[in-house]
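Accompanying notes for the structure given below.
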Amino acid sequence: MAQPTFFTKPPATALADIATLTKAQLVDPTRGGHVITGLASLDEAGPMHLTFFDNLKYADQLNATKAGACLVSPRFEAEVPAHVAVLRAKQPFRAFVGIAREWHGDALRPQSWTGNDGIAPSAIIDPTARLEDGVIVEPLAVIGADVEIGSGTVVGVGAVIGPGVKIGRDCNVGARTAIQCALIGNNVLIHPGCSIGQDGYGFIFFGPEGHLKVPQTGRVLIQNDVEVGANTTIDRGSLRDTVIGEGTKIDNQVQIGHNVTIGRHCLLAAQIGLAGSLTIGDNVALGAKVGINNHLKIGDGAQVTAMSAVKDDIPPGGRWGGHFAKPTKQWFKEIIAVERLVRDSKADPKDEGRE
């Protein structure tokens, strides 16, 4: 059986044309007629594949590759084996992604799960909902009263859109996603299994009546060009709104608490936990499994290392990490100091025989 693929097969393309598409220089023009039929990594590429190299960590894979052609920077082109055609590019990976986007546009955003091009008969749509022309609603989706959805948007299988929700144009609401109390801009991609707009974790704890729930009457505002990964949860605000800024990209399984404000063009990796009432600036990058305490401010351009726990404000441009997080230079110095103490204590003969 041929290896199955779920995306459109790239067209067979001569290396001379690939050089034009990627704005790279084919070092040996006599190879311009060699045909490439696909993209692959260094270790899996064959004679009809294009690959790339821009990290010496993978030098062994480059030496052993069977690829037909390789995008590579001038710095490393001498490392490419003689049987591999060299495409010289200032930024090899960016050039590789450029042609991948050209050939695999269908992989850039989720497609209809069922090949549906309209409203599925099994979808349930309230008569007061307003859907522009070109909206696709997949089987078993439910759309509530007074919902508005813009053209080009796809509502996935089994998704539930609560009353009054507004969704812009060219969006994708993944299968089994539930959205309520939310206003969503254009070109927003929401992957399957997300929960957006449910009430936040607000209680008066340990009172005479038990844990007293605080009404959560805010909204979720998601601006244009945001991507929300699978199984992510975004709580609505209590009094103020929870806001996700334009162009921000959120990975899978992220928890965003109530009243959180996230700026524009931020990057949030998987399994991050953001407690309530945080303010995160523009262009902030948070590594996987970062946890941030409530009511903090993370400044523009800050970066936090994966698996860090943040309990203090981070200034603009800060590079922090650790548990608890602190400036990375300080954190590294402390780690080195502790390692030195352990090493010195092992070398001390007075410690022999001690547990």
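Give the relative contact order (percent, whole number) for the chain; include only Cα pairs under 8 Å separated by 6+ residues.
6
Quick one: which residues, 5+ away or cross-chain, put their amide H under 5 Å from the amide H of L71? H built at 1.01 Å from N.
HN-HN under 5 Å from L71: T51, F52, F53, L87.
Could you sort out which of K166/K249; K249/K289; K57/K333; K311/K333; K297/K326 sit more than 22 Å apart by Cα distance in this structure?
The answer is K57/K333.
With a 10 Å cut-off between alpha carbons and a GNM built on the chain, which of G202, G38, G263 moves the most?
Checking each option, the largest mean-square fluctuation is seen for G38.
Ignoring ligands, DNA and RNA, how do M48, M307 rank by accessible area with a 1.4 Å probe, largest first?
From most exposed to least exposed: M307, M48.
Find the all-direction average of the projected area of the Cα convex hull for region 154-219, expressing the result in square nanometres with one decimal place.
5.2
Determine the shape class of region 1-145: with a ≥ b ≥ c the square roots of the Cα gyration tensor eigenvalues, call it rounded for a/c under 1.5, and otherwise prolate if a/b is greater than b/c, oblate otherwise.
Taking the square roots of the gyration eigenvalues as a ≥ b ≥ c, region 1-145 is prolate.
Calculate the FRET efficiency for T279 and T30 from the Cβ-Cβ distance with a Förster distance of 56 Å, rounded to the nearest 0.05.
Using R0 = 56 Å, I get an efficiency of 0.45.
If I build a Gaussian network model for the chain, linking alpha-carbon pairs within less than 10 angstrom, which residue out of A40, A129, A182 has the largest mean-square fluctuation?
With Cα springs under 10 Å in the chain, the top fluctuation among A40, A129, A182 is at A40.
In sequence order, what are the phi-derived ³J(HN,Hα) couplings for region 174-180 according to the Karplus relation 6.51 cos²θ - 1.76 cosθ + 1.60 with θ = phi - 60°, rounded to whole Hz, with x for glycine and proline?
x, 4, 6, 7, 10, 10, 8
Work out the charge dipole of region 76-217 with +1 on the Cβ of Lys and Arg and -1 on the Cβ of Asp and Glu about the Cα centre, then indicate which of G144, N116, G210 is farthest towards its positive end.
Checking the options against the dipole of region 76-217, the answer is G210.
Under a cut-off of 17 Å between alpha-carbon atoms, report the lysines in cross-link reach of K90, not counting same-chain residues fewer than 8 places apart.
K23
Using θ = phi - 60° and the Karplus curve 6.51 cos²θ - 1.76 cosθ + 1.60, what whole-Hz ³J(HN,Hα) does each residue of region 138-155 get, with Gly and Pro shown as x?
7, x, 6, 6, 10, 10, x, 5, 6, 6, 10, 9, x, 4, x, 8, 10, 9
Regarding the chain, what's the average projected area of the Cα-atom convex hull, expressed in nm²?
So the Cα hull casts an average projection of 27.7 nm².
Go ahead and set up a Gaussian network model of the chain, Cα springs under 10 Å, then flag whichever of T177, T20, T153 fluctuates most.
T20
How high is the relative contact order of region 231-286? Use alpha-carbon pairs under 8 Å, at least six apart in sequence, and give a whole percent.
That works out to 33 percent.
Determine ³J(HN,Hα), in whole Hz, for all residues of region 57-69 in sequence, where each value follows from phi through the Karplus function 6.51 cos²θ - 1.76 cosθ + 1.60 and θ = phi - 60°; x replaces Gly and Pro.
4, 9, 4, 5, 5, 5, 4, 9, 5, 10, 4, x, 8
The values are calculated or read from the model by the stated rules, or taken from the named source; none is laboratory data. Source: prediction; values computed, not measured. Ideal geometry is used to build each Cβ from the backbone, glycine not excepted, and the neighbour counts take in all protein chains shown. These accessible areas exclude ligands, DNA and RNA; they are computed on the full protein's heavy atoms, side chains included. Shrake-Rupley method; radii C 1.70, N 1.55, O 1.52, S 1.80 Å.
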